[in-house]
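K.L.:
Pasting a structure below so you can have a look.
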Amino acid sequence: MLPDHLFQPLDLDRALDRAYDRGEERAAWDLLADALLDPRARGDAGLRAYVEVLVDEYTLDGWERDTLAVLGELADAEPGLRGELRLPMAELHAQLGEEETALRLLRARQREMAALPEAERDEEFYPAAAMVAGAADPRFARALLDEGLALAMGLRRPEATVRYLSLLRNRFGGAQDPAVAAYLAGSAEPEPELPRPVQPEMPRKPTVRMPYPPGADLKALEKGFREADLEARVAVVRIATGGSVAEADPAGDIAWPPGRNDPCWCGSGRKYKKCCGSPV
């Protein structure tokens with residue numbers, strides 16, 4: 001049974017950090033799942049944020065069905081969250097190749113959004129849902145972004161928001177919308193920049209450029225980085241066979257460690273947390 005101090009309000013951050021630092025991502029997943037379904041978490045304002053953490057940060061490849069089961073139980077325990085859970089569930093089904101199920105969930109959420117007043121709709125749903133739907137049904141993705149654009153313009157959102165949605169719509173084959181062009185052309189003058197707090201300049205550690213030649217043992221390199229008592233910042237440098245670090249362009253250096261959701265430094269294209277940064 002989880003200790004009471006994790007609840008009222010729900011606060012799992014330190015416990016999750018400890019588990020992750022020990023390389024126990026499954027333990028962290030179990031903690032999140034148990035906490036979300038615990039009766040002491042019912043009605044907690046932090047549930048939505050921790051659902052996102054569970055799906056985006058702690059659901060490794062192969063764990064999607066486990067997370068779907070948790071979200072299904074949570075939807076039964078928290079009927080008020082059922083609609084909001086459709087998007088993360090759709091994302092997981094899409095990752096499993098179950099596009100029809102994913103699209104069905106997204107269309108259900110789309111209908112729920114349409115029934116709400118504009119001010120109560122989740123603006124982030126439209127681009128996120130379009131990204132999930134785009135590979136299987138680009139036309140549906142465009143329709144979602146049309147709705148997102150109409151909502152953003154109706155609520156007089158900043159030019160950058162509307163431009164982003166428009167560019168994303170173009171990515172899925174949408175033509176230039178005259179209404180969007182008119183909105184952007186008539187945008188208010190840029191807001192004056194707020195004064196930024198001046199941070200004291202801190203001495204920076206020197207950077208050590210670590211070579212990464214073709215065929216290197218990536219797991220061993222990762223393990224060495226983790227265990228090293230580093231007195232300097234590290235940059236991983238890809239070099240050609242027979243090449244040297246000195247010849248490599250510093251613009252291609254990769255700072256280590258990357259963010260957990262950043263592309264892995266090994267070049268696989270996967271997120272760091274699901275590649276070299278995964279403890280499993």
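The values are calculated or read from the model by the stated rules, or taken from the named source; none is laboratory data. None of the values given here were measured: they were computed from a predicted structure. Heads up, the Cβs are rebuilt from the backbone with ideal geometry, glycines too, and the neighbour counts pull from every protein chain shown.
K.L.:
Answer yes or no: is there a residue in segment 89-98 that is over 28 Å from G43 (Cβ atoms) and over 20 Å from the mean Cα position of the chain (by Cα). Outline the logic, then answer.
P.N.:
In the first step, residues of segment 89-98 are kept if they are over 28 Å from G43 (Cβ atoms); the result is 94-98.
Pick out the ones that are also over 20 Å from the mean Cα position of the chain (by Cα) and you get 98.
Checked segment 89-98: at least one residue is over 28 Å from G43 (Cβ atoms) and over 20 Å from the mean Cα position of the chain (by Cα).
K.L.:
On the basis of being touching a residue at least 12 places away in the same chain (Cβ under 8 Å), under 19 Å from the mean Cα position of the chain (by Cα), crowded, with 16+ Cβ neighbours inside 10 Å and more than 16 Å from L92 (Cα to Cα), does L47 make the cut? It would help to see each step written out before you state the result.
P.N.:
On the way: touching a residue at least 12 places away in the same chain (Cβ under 8 Å): yes; under 19 Å from the mean Cα position of the chain (by Cα): yes; crowded, with 16+ Cβ neighbours inside 10 Å: yes; more than 16 Å from L92 (Cα to Cα): yes.
The answer is yes for L47.
K.L.:
I'd like the full set of residues that are without any contact (Cβ under 8 Å) to a residue 24 or more places away in the chain and closer than 20 Å to R42 by Cα, limited to segment 54-85.
P.N.:
Restricting attention to segment 54-85, the residues satisfying the condition of being without any contact (Cβ under 8 Å) to a residue 24 or more places away in the chain are 62, 69, 71-72, 75-76, 79-80, 82.
Hits for segment 54-85 are A69, L71, G72, A75, D76, P79, G80, R82.
K.L.:
Then there is this: Can you tell me which of L85, L116, L103 is out of contact with any helix residue (DSSP H, G or I) (no Cβ under 8 Å at 6 or more places or on another chain) and at pLDDT 95 or above?
P.N.:
Working: L85 fails: out of contact with any helix residue (DSSP H, G or I) (no Cβ under 8 Å at 6 or more places or on another chain); L103 fails: out of contact with any helix residue (DSSP H, G or I) (no Cβ under 8 Å at 6 or more places or on another chain).
Residue meeting the stated conditions: L116.
K.L.:
Follow-up question, since we're still on this one. Starting from residues that are out of contact with any Asp or Glu (no Cβ under 7 Å at 6 or more places or on another chain) and among the aromatic types (F, W, Y), keep the ones in segment 95-149 and report whichever is surrounded by the fewest Cβ atoms within 10 Å (Cβ to Cβ).
P.N.:
Here the residue is F140.
K.L.:
A follow-up question, please. Go through M113, M153 for me and flag whichever is touching a residue at least 24 places away in the same chain (Cβ under 8 Å) and touching a Lys or Arg at 6+ places or on another chain (Cβ under 8 Å). Spell out how you get there, then give the answer.
P.N.:
On the way: M153 fails: touching a Lys or Arg at 6+ places or on another chain (Cβ under 8 Å).
Just a single option satisfies the conditions, and that option is M113.
K.L.:
So which of E24, E78, E73, E52 is out of contact with any strand residue (DSSP E or B) (no Cβ under 8 Å at 6 or more places or on another chain), acidic (D, E) and buried (at least 17 other Cβ atoms within 10 Å of the Cβ)?
P.N.:
Details: E24 fails: buried (at least 17 other Cβ atoms within 10 Å of the Cβ); E73 fails: buried (at least 17 other Cβ atoms within 10 Å of the Cβ); E52 fails: buried (at least 17 other Cβ atoms within 10 Å of the Cβ).
That would be E78, the only listed residue that is out of contact with any strand residue (DSSP E or B) (no Cβ under 8 Å at 6 or more places or on another chain), acidic (D, E) and buried (at least 17 other Cβ atoms within 10 Å of the Cβ).
K.L.:
Additional query: Give me the helices (runs of 4 or more DSSP H) completely within segment 139-243, filtered to those with at least 1 residues that are modelled with pLDDT under 75, ordered by residue number. Before you say what the answer is, go through the steps one by one.
P.N.:
Numbers: elements: 159-171, 178-185, 218-227.
By residue number, 218-227.
K.L.:
Still on this structure, I have one more. So in segment 1-17, with the set limited to residues that are part of a helix (DSSP H, G or I) and more than 21 Å from the chain's Cα centre (by Cα), which one is farthest from D76 (Cα to Cα)? Quick ask: steps written out before the conclusion?
P.N.:
Keep residues of segment 1-17 that are part of a helix (DSSP H, G or I), which gives 4-6, 13-17.
From the residues that got through so far, the ones that are more than 21 Å from the chain's Cα centre (by Cα) too are 4-6.
Working: D4: 23, H5: 25, L6: 22 Å.
For segment 1-17, the residue satisfying everything is H5.
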